[in-house]
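Asks: One structure, pasted below without further comment.
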Amino acid sequence: MDIKRVFSSISSYGFFLFGFTSIILGSALPAIEKSFGIDHQIAGVLLSLPTIAFMLSAIVVSTLANRVGPFKLLTMGISFITGSLVLLSIGRSFLLLLIGSMTLSFGTGATETSIGIGVSGLKYRKPGSALNLMHSLFAVGSIISPFIVAGFLVDYNSWWKPFFVALFAAIPLLFFTPMLYRIPYTGTDEKISRHKKELFSQKIFWLILAGVFLYVAYEIGFTSWLSSFVFESKGIELRYASIFPALLWTGILVGRLVAGIVVEKLGYELSLLFMTVIAFLSFGAALAMKSALWIGVAVVLAGFGFSGTFPTLQAILISRMKNGIAFALGLFTVASSLGGAMANYLVGFLGQIFGMYAGIIFILALIALEIVVALMIMRLKVKTND
């Protein structure tokens, strides 16, 4: 059995399912708001609370990784995803929607963290390329998902139907997860915090955490609120507005496929800076455009800029941190979930008080801060080489 091929295949499908399910809520958000009679601020809470479960899953996985191993924990994550989709498919109340979303986030968080630890443990020769290619399947799922939402969103109360479709996509993955148990893993009794002091003393570690916090904040913030933004601020019809996240993730897909080839040659740090600058310029263009066509083009280009940031930051972490990688990747996921929670709530809050345009301007400011972090990471790399 080719262990890396099996792990890569299951992980890639896991990322596809992750992407497919994570976009549904944002794409269907205008319908969910209408169906349950909630405003942007409450919708922001709905989008933010599941990130607590996402963060909790990262803590659980990083705590158990040394003893249980990332492969069994990946199976756990996939099982939680499937169970949550059952709940979201049959639930019709706001409470069940919230509980199902939190359970789904726990599963996706466990899946993402386990995959990162698995890549490190299997010692891929080019972790940056491997992670970008795996994450490209997340983009594929994210592209397909809005079209599924648009197809089933015949009225406001049809918001649950895309989750039912996702359930059918999740079931085949369960049949392949037993193969993960066949991947050899020797557990250790090493405490996850043993290398905490070493990690915390490194500036690059804190810069990576800041980078992923900002990235997930603006990626999730824009993905979740994009449909609402073009629907309210740009006057695009609801059904067509729900497709715009697919345009964003089309750009991300193309970018990750390109990044999977070039990041090793260009260098992680330079690639990171290059992508964040493209994201900033394209995002600004999307705000300024009035034509739906040109807004769509700018959104695709913004997605290209977003594309490789997360897997490239993760690759920098794996390549730089020689010890305590499970603990480091756990905190990496925690930082990403905090960024997502912060952005989803604040964009909704600003949108409720000042209008959705103000919430999207806030996202642009986050991208500008990401450029600063990328410059600092690159500067630190130059100093290290000197």
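Where a number appears in this text, it was derived from the coordinates with a stated rule and is not lab data. All figures in this text were calculated on a predicted structure; none of them were measured in a lab. When we count neighbours, we look across all protein chains shown, and the Cβ atoms used for this are built from the backbone with ideal geometry, even at glycine.
Asks: Which whole-number percent gives the relative contact order of the chain, counting Cα pairs below 8 Å spaced six or more residues apart?
Replies: Working: 681 pairs, mean separation 106.0, N = 386.
Reported relative contact order: 27 percent.
Asks: Now a separate question. So which lysines can Lys4 reach, going by Cα to Cα under 21 Å and dropping same-chain residues fewer than 8 places off?
Replies: Partners found: Lys72, Lys123, Lys126, Lys322.
Asks: While we're looking at this one, here's another question. Comparing Met134, Met289, Met76, which has the greatest mean-square fluctuation in the GNM of the chain with Cα pairs linked when under 10 Å apart?
Replies: Ranking Met134, Met289, Met76 by mean-square fluctuation puts Met289 first.
Asks: Among [x] 159; [y] 118; [z] 143, find the value of volume of the Cα convex hull per residue in Å³ that was calculated from the structure presented, and write down its label.
Replies: So the calculated entry is the one marked [y].
Asks: Still on this structure: Starting from 0.36 nm per residue, how many nanometres of slack lie between Arg5 and Ile59 once their C-alpha separation is accounted for?
Replies: Details: separation 54, 0.36 × 54 = 19.44 nm, distance 2.72 nm.
Taking Arg5 through Ile59 to full extension adds about 16.7 nm, to one decimal.
Asks: List the lysines whose Cα lies under 16 Å from the Cα of Lys290, skipping any in the same chain that are fewer than 8 positions away.
Replies: Partners within reach: Lys234.
Asks: For segment 47-56, what does the Karplus curve 6.51 cos²θ - 1.76 cosθ + 1.60, with θ = phi - 60°, yield as ³J(HN,Hα) per residue in whole Hz, taken in order and with x for Gly and Pro?
Replies: Going residue by residue, I get 6, 8, 4, x, 5, 5, 5, 4, 5, 4 Hz, with x marking Gly and Pro.
Asks: Which whole-Hz couplings ³J(HN,Hα) result when phi for each residue of segment 329-339 is put into the Karplus expression 6.51 cos²θ - 1.76 cosθ + 1.60, θ = phi - 60°, listed in order with x for Gly and Pro?
Replies: 5, x, 5, 4, 5, 4, 4, 5, 5, 5, x
Asks: At 222 nm, what helix-only mean residue ellipticity would the chain give, in deg cm²/dmol to the nearest 500, using -39500 (n - 2.57) for each DSSP H run of four or more? Mind dumping the intermediate values first?
Replies: Values: 17 runs with 323 residues, N = 386.
Counting only the DSSP helices, I get -28500 deg cm²/dmol.
Asks: First measure r as the distance between the Cβ atoms of Ile353 and Leu281, then evaluate 1/(1 + (r/R0)^6) with R0 = 35 Å and state the FRET efficiency to the nearest 0.05.
Replies: Details: r = 28 Å, r/R0 = 0.80.
E between Ile353 and Leu281, to the nearest 0.05, is 0.80.
Asks: Tell me, what HN-Hα J-couplings in whole Hz come from the Karplus equation 6.51 cos²θ - 1.76 cosθ + 1.60 at θ = phi - 60° for each residue of segment 88-96, using x for Gly and Pro?
Replies: Running phi through 6.51 cos²θ - 1.76 cosθ + 1.60 with θ = phi - 60° gives 5, 7, 9, x, 10, 9, 5, 5, 5 Hz.
Asks: What FRET efficiency would be calculated for the residue pair Ser93, Gln41, taking the C-beta separation as r and a Förster radius of 25 Å, to the nearest 0.05?
Replies: Working: r = 20 Å, r/R0 = 0.78.
The pair Ser93/Gln41 has a calculated efficiency of 0.80.
Asks: Which whole-angstrom value gives the distance between the alpha carbon centres of segment 270-302 and segment 40-108?
Replies: So the two Cα centres are separated by 31 Å.
Asks: Once the other residues with Cβ under 13 Å from the Cβ of Phe274 are scored (Lys, Arg +1; Asp, Glu -1), what is the net sum? Kindly include the intermediate steps, with their values, before the conclusion.
Replies: On the way: positive: Lys265; negative: Glu269, Glu370.
Summing Lys and Arg as +1 and Asp and Glu as -1 gives -1.
Asks: For segment 192-385, what is the relative contact order in percent, using Cα pairs closer than 8 Å and at least 6 residues apart in sequence?
Replies: Across segment 192-385, relative contact order equals 38 percent.
Asks: Something else about it: For Leu369 and Gln202, FRET efficiency with R0 = 25 Å and r from the beta-carbon atoms, rounded to 0.05? The partial results should precede the final answer.
Replies: Values: r = 21 Å, r/R0 = 0.83.
So, using R0 = 25 Å, E works out to roughly 0.75.
Asks: Also, I was wondering about something else. Can you pull the one-decimal nm distance between simple spin-label points at Phe168 and Lys126, each 7 Å off the Cα toward Cβ?
Replies: Each label point is offset 7 Å from its Cα along the Cβ direction, giving 3.7 nm.
Asks: So which residue, out of Ser84, Ser291, Ser227, gets the largest mean-square fluctuation from a GNM of the chain using Cα contacts under 10 Å as springs?
Replies: Ser291
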